[in-house]
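**Student:** Just passing along the structure, written as structure tokens.
The values are calculated or read from the model by the stated rules, or taken from the named source; none is laboratory data. It should be emphasised that the depicted structure is a prediction, and the values quoted were computed from it without experimental measurement. Every residue, glycine among them, receives a Cβ derived from its backbone with ideal geometry; neighbour counts consider all protein chains shown.
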Amino acid sequence: MDSIVVAGNDQVTTDLDGETIGLQMANGIYFNLNPVGTSVWKLIQEPRKVRRIYEELIKEYTVQPEVCERDLLALLQQLAEAQLVIVES
Amino acid sequence: MPKGQEAFPSVPGRFRRMMRTYELHGLRFCSELELDAPVVPDNSPCDWVVSCGGLSTVGDQPVDGQILMERRFDGGLGYALTESGAFQVFRVYSTCDFRIFPVERRIEVWIDPRSNHGIASLLLAGAVSACLLMAAGECVLHASAVGRSGKAVAFVGNSGTGKSTLAALCCRAGAALITDDTLRLRCDETGTWCYPGAREIRLRSNAASLAEGFAPEMAYSTVDQRTAVRIAQAGSKFPLVAIVIPQPSRTAHKVELIPLARGEAILHLHGYSRTAGWRDKRVIKAQFEVLTRIGQRVPVFKATIPWGPPFSENIVDSLFQQLAPATSP
């Protein structure tokens, strides 16, 4: 939760009714983020600690803390595997 | 002239010295190569001048230089666009080289002696035109399109997924052919528009029987072993009102359309660009933006189609009935 995450540079995105459609240009992966994923995406346009992102989601959404943490970490893991974000421990 | 290469007088078939001006996908080609496209007056301004280089062995790798785009298929087939000094080369492996001189707006065609010389016309009308347009930021889909009641419906998909067959079924039922296999689209403030392309539908062997539904003089065999049907073409741009992704089914008994959510639709469309494998990020970004715009404006459907032959007589009517709510003003 103390790792710092930031969105990578080599992609193009567009907003679509609260969702995000994007393309990672280096590897050609297309992605689609739902509204919650889009909230996370907007938060990581600047480097942020994972804990900070978690706190923002808890404020914005009605969600159990453990569920929020689990789902957030899973999302960031997926984004990292797709080379969409940069993670610094 | 380099050793081993022959001047075009020795190239038979559809090469000839006389230049004619053709209009295809909204581009004007002043061409020595005979194209299957409407001829316009020779004094019309030209986008590209196409000349016949001659015969030359064409390798199965990209030419030396910076690869801007490459796509490979099974069996060693494929194509690549390479920047090589002052010009670019669109190479269809073991078949044909198109040397593109962007500043002079000129294309030279060199054919491998092992190839059927008529294939060059087909390639220029399809993959090469698509490459030129996409490099310029235009949207070109792997799609066929037909016009009905002044509006266009496009069938998109990879090779062998039924685009041409559906277009043929629609034309047999009275629709106008806009294009087969290569569809150029343009978005502006008035809508999304389809440009006229090929004047023939090229059917694979398993759908060749559809040609029997047209007058005999309209059907003929193509250089790539398909049955083609020459159809009177819609001559002007049509507004695109729906995009259909056909899903042929041998077990389905009726046509069923499922509308895609816009996000899902956009992701699907990105898989159906006419030429794929671009590495030029400028082109990739432009394609992303234009396909996203189209996916936001035009409804996209997956369509389960009962597949033949034989094909049910009801397919076309059922398809357009189900499209009606999306395509009505």
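**Student:** Looking at (1) over 14 Å from A:GLY8 (Cβ atoms); (2) within 9 Å of the chain's Cα centre (by Cα), which one does A:PRO65 not meet, given that it meets all the others?
**Tutor:** In the conditions (1) over 14 Å from A:GLY8 (Cβ atoms); (2) within 9 Å of the chain's Cα centre (by Cα), A:PRO65 misses (2) alone.
**Student:** Now for a separate question. Among the residues of the stretch B:141-150, are any within 16 Å of B:PRO196 (Cβ to Cβ) and of a type in the set (D, E, K, R)?
**Tutor:** Yes: the stretch B:141-150 contains one or more residues that are within 16 Å of B:PRO196 (Cβ to Cβ) and of a type in the set (D, E, K, R).
**Student:** Can you tell me which of A:GLN77, A:GLN64, A:GLN83 is under 21 Å from B:PHE288 (Cβ atoms) and more than 14 Å from chain B (Cβ to nearest Cβ)?
**Tutor:** Answer to the check: A:GLN83.
**Student:** Here are some residues: B:ALA37, B:ALA7. Which one is modelled with pLDDT under 95 and touching a helix residue (DSSP H, G or I) at 6+ places or on another chain (Cβ under 8 Å)?
**Tutor:** Answer to the selection: B:ALA37.
**Student:** Can you list the strands (runs of 3 or more DSSP E) found entirely within the stretch B:111-217 that contain at least 1 residues being of a type in the set (Gly, Ala, Ser)?
**Tutor:** Filter on the stretch B:111-217 gives B:143-148, B:151-156, B:176-179, B:191-194.
**Student:** Condition first: within 30 Å of B:MET69 (Cα to Cα) and in contact with a helix residue (DSSP H, G or I) (Cβ under 6 Å, 6 or more places away or on another chain). Can you find one or more residues in the stretch A:78-87 that meet it?
**Tutor:** yes
**Student:** Find all pairs meeting these conditions: Cβ atoms under 7 angstrom apart; at least six residues apart or on different chains; first residue within the stretch B:311-324 and without any contact (Cβ under 8 Å) to a residue 24 or more places away in the chain; second residue of a type in the set (Ser, Thr, Tyr).
**Tutor:** Here the result reads none, with nothing in the stretch B:311-324 linked to a residue that is of a type in the set (Ser, Thr, Tyr).
**Student:** Anything in the stretch A:18-33 that is more than 8 Å from chain B (Cβ to nearest Cβ), within 11 Å of B:ILE266 (Cα to Cα) and surrounded by fewer than 20 Cβ atoms within 10 Å (Cβ to Cβ)? List them, or say none.
**Tutor:** Across the stretch A:18-33, the qualifying residue is only A:PHE31.
**Student:** Then there is this: Among the residues of the stretch B:295-329, write down those that are modelled with pLDDT of 95 or more and under 19 Å from A:ILE21 (Cβ atoms).
**Tutor:** Of everything in the stretch B:295-329, those that are modelled with pLDDT of 95 or more and under 19 Å from A:ILE21 (Cβ atoms) turn out to be B:VAL298, B:PRO299, B:VAL300, B:PHE301, B:LYS302.
**Student:** I would also like to ask the following. Say whether the condition of being under 16 Å from B:ARG279 (Cα atoms) and surrounded by 22 or more Cβ atoms within 10 Å (Cβ to Cβ) is met by at least one residue in the stretch B:91-107.
**Tutor:** Taking every residue of the stretch B:91-107 in turn, at least one turns out to be under 16 Å from B:ARG279 (Cα atoms) and surrounded by 22 or more Cβ atoms within 10 Å (Cβ to Cβ).
**Student:** Inside the stretch B:44-62, can you point out the residues that are within 17 Å of B:LEU132 (Cβ to Cβ) and not hydroxyl-bearing (Ser, Thr, Tyr)?
**Tutor:** B:PRO45, B:CYS46, B:ASP47, B:TRP48, B:VAL49, B:VAL50
**Student:** Test A:TYR54 against the stated conditions and say whether it is aromatic (Phe, Trp, Tyr), surrounded by 14 or more Cβ atoms within 10 Å (Cβ to Cβ) and under 20 Å from B:LEU269 (Cβ atoms).
**Tutor:** No; evaluated as a whole, the condition is false for this residue.
**Student:** Scanning the stretch B:152-208 for residues that are among the hydrophobic types (A, V, I, L, M, F, W, C) and farther than 23 Å from B:PRO248 by Cα, which turns out modelled with the lowest pLDDT?
**Tutor:** For the stretch B:152-208, the residue satisfying everything is B:ALA198.
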